[in-house]
Amino acid sequence: MPAAPVQDTDIARIFRAEYGRAVSVLVRAFGDIDLAEDAVQDAFTEAVRRWPAAGLPPSPAGWIITTARNRAIDRLRREATRDGRHAEAARLHQAGQDPAEEEPVPDERLRLIFTCCHPALGTAAQVALTLRLLGGLSTAEIAHSFLVPEPTMAQRLVRAKGKIRDAQIPYRVPSEAELPSRLGAVLAVLYLIFNEGYAASSGDQLIRAGLCAEAIRLGRLLAQLMPDEPEVTGLLALMLLAESRRAARTTPGGDLVLLADQDRSRWDGQLIAEGQALVRRCLRRGRPGPYQIQAAINAVHSDAPDAAATDWAQIVALYDQLLTVSPSPVVALHRAVAVAEVHGPAAALALVDGLDLTGYYLFHAIRGHLLRQLGRTAEAAAAYRDALDRAGNAAERAFLRGRLQELSPGR
Amino acid sequence: MPQYLLSVYQPDGDPPPPEVLDPIMASVRAWNTELRAAGAWVFTGRLHPPDTATVVRVRDGGTVVTDGPFIEGKEHLGGFTVITAPDLDAALAWARQLAEVTTLPIEVRPAIAGA
């Protein structure tokens, strides 16, 4: 059978799909992240050179992993001649396997996720490592996504990898006793990546779609690797349901559109169907957690053909449940928005005013919204101005300026 | 096997009264016994307060001695233990126990192998 022509885009696609798996297998084999990354890069360089002429191997992932393993051994041998430190490692691994040979493709990505999201690493380092090692994003791409100078991001990655090596952060899936808290850290990292894409904390744009897509890709991977953890499924469902509204969340000019004002025909029905099916599946397990409940809240919104048809009583009940499993003033703030729909803005404002969230832009924006509904225009304008001072991205600020305009036209 | 330095940081000022301190020290001794039984213990040091510290420097070939600790802070290094552990998780598990019995933060630092 003649091999199909191989395009650079095919190799790029395989890189994105298989990089994390290849790095995870190499880290497992050699216990050295830098060596693993370099060897996998070498293997892809080799693929770019060979595949266009030779055609795609039967198992591209297997070819990459075998080639990378051989390259890693070459590197260790070179090191071993200079430095006895690597001599034993080189001796332990046998080279010379033919990458064309079929071999089962192992997957050690679950271990790698837990290493990247180890609590001994800071959150920023966890996020950067996860995107780098599992997502295969370049340092420049990660730096750009988080609006950090590239040398800063490079430094962050070097430091994190250095700590994993020197402090010997283990490369394993935590024991059952540790799993709930350790998995919580992994889910938090994925959700943080998603949220940074969904509502950027700084910059010109509200949405950075690349980060959302990457978080969903990693969420799918985790759901596949840990099918029995309902919170993993819950987080994936939550991200899919939020993502389903992306096209409707901004105007063509990039301005923010509130949920109530969104054109629901622009919601992505396929993502909604998938997200809702996942919500039903994980809730059936009877082990609700914060991600599952937030997903369920989003599923209720997705059910409503228009904003007026929203089952707000159901949403208030879900927020009550969310407050019992993860009490936080931010959850209480969102609950108040639902309360406003059921019991009116005065009841909601009383709840909001009791919250200690004055540093949070949404607290002021929601107060402004409720005060406006109550006809307390001057106070509403003051609240919107407080929100404006604290909003993270340009789209949010433009929205708030619009609201201020409506309240005091001519100013 | 890697070694880790577990440092106990305590607030400056007078130590707690004996009725508080004594049970804590008994728990720390029990922790030490457990550490030795597990074969993880390497070395332990308990320190006098930082106002007993002296810093020595060499300047232009001469010795300069100053009274007091090198770093002034609201907390100081009160004691330390060096342990061996297979990896950071194992070291953190020992540190967690020590933090629990002392009610103080424990800093865990890996030692450079063969140094």
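Any read-out appearing in this document is the output of simple, stated calculations on the displayed coordinates, not a laboratory observation. For clarity, every value in this text was computed on a predicted model and none was experimentally measured. Note that each Cβ is placed from the backbone with ideal geometry, even for glycine, and that neighbours are counted across all protein chains shown.
Between B:E107 and A:D306, the FRET efficiency from the beta-carbon distance, with R0 = 45 Å, is close to 0.20.
Computed over the Cα atoms of the stretch A:344-401, the ratio of the radius of gyration to the Kirkwood radius (Rg/Rh) comes to 0.96. The three principal axes of the Cα atoms in the stretch A:225-292 give end-to-end lengths of 42, 23, 20 Å, sorted in falling order. Just need log10 I(q)/I(0) for the stretch B:3-110 at q = 0.12, 0.15, 0.21 Å⁻¹, Debye formula, equal scatterers on the alpha-carbon atoms, no solvent, rounded to two decimals. So the normalised log intensities are -0.49, -0.71, -1.12. For the stretch A:122-182, what does the relative contact order come out to in percent, with C-alpha contacts under 8 Å and a separation of six or more? Taking the mean separation of contacting Cα pairs over the length of the stretch A:122-182, I get 25 percent.
Scalar couplings 3J(HN,Hα) for the stretch A:376-390, obtained by applying the Karplus form with A = 6.51, B = -1.76, C = 1.60 to θ = phi - 60°, are 8, 4, 4, 5, 4, 4, 4, 5, 4, 5, 4, 5, 4, 5, 10 Hz; x denotes Gly and Pro. 3J(HN,Hα) along the stretch B:27-39: 5, 5, 5, 5, 4, 4, 4, 4, 4, 5, 4, 7, x Hz, from the Karplus curve 6.51 cos²θ - 1.76 cosθ + 1.60 with θ = phi - 60°, whole Hz, x for Gly and Pro.
In plain terms, the residue of A:V257, A:V337, A:V127 with the fewest other Cβ atoms within 10 Å comes first and the most crowded comes last, giving A:V257, A:V337, A:V127. Note on the protein assembly as shown: Cα-Cα pairs beyond 34 Å make up 53% of the total pair count. Relative intensity of the stretch A:8-92 on a log10 scale, I(q)/I(0) at q = 0.16, 0.18, 0.25 Å⁻¹, equals -0.59, -0.71, -1.15, per a Debye sum over C-alpha point scatterers of equal strength in the absence of solvent. Projected label points at B:A53 and B:V20, each 7 Å from Cα along the beta carbon direction, are separated by 2.2 nanometres. Using R0 = 30 Å, the C-beta based FRET efficiency linking A:A313 and A:T358 works out to 0.50. Neighbour counts of C-beta atoms inside 10 Å place A:F15, A:F363 in the sequence A:F15, A:F363, starting with the fewest. Which whole-number percent is the relative contact order of the stretch A:283-411 (Cα, under 8 Å, 6+ apart)? Once normalised by length, the contact order is 15 percent.
Scaled against 2.2 N^0.38 Å for its residue count N, the alpha carbon radius of gyration of the stretch A:269-355 is 1.13. Out of every Cα-Cα pair that the stretch A:144-264 contains, those further apart than 16 angstrom amount to 70 percent. The mean sequence distance of close C-alpha pairs (under 8 Å, at least 6 residues apart), as a share of the length of chain A, puts its relative contact order at 10 percent. Each stretch of four or more DSSP H residues adds -39500 (n - 2.57); spread over every residue of chain A, this sum gives -21500 deg cm²/dmol at 222 nm. With bins 10 Å wide beginning at 0, the percent of Cα pairs of the stretch A:276-411 falling in each bin runs 12, 35, 35, 15, 3, 0.
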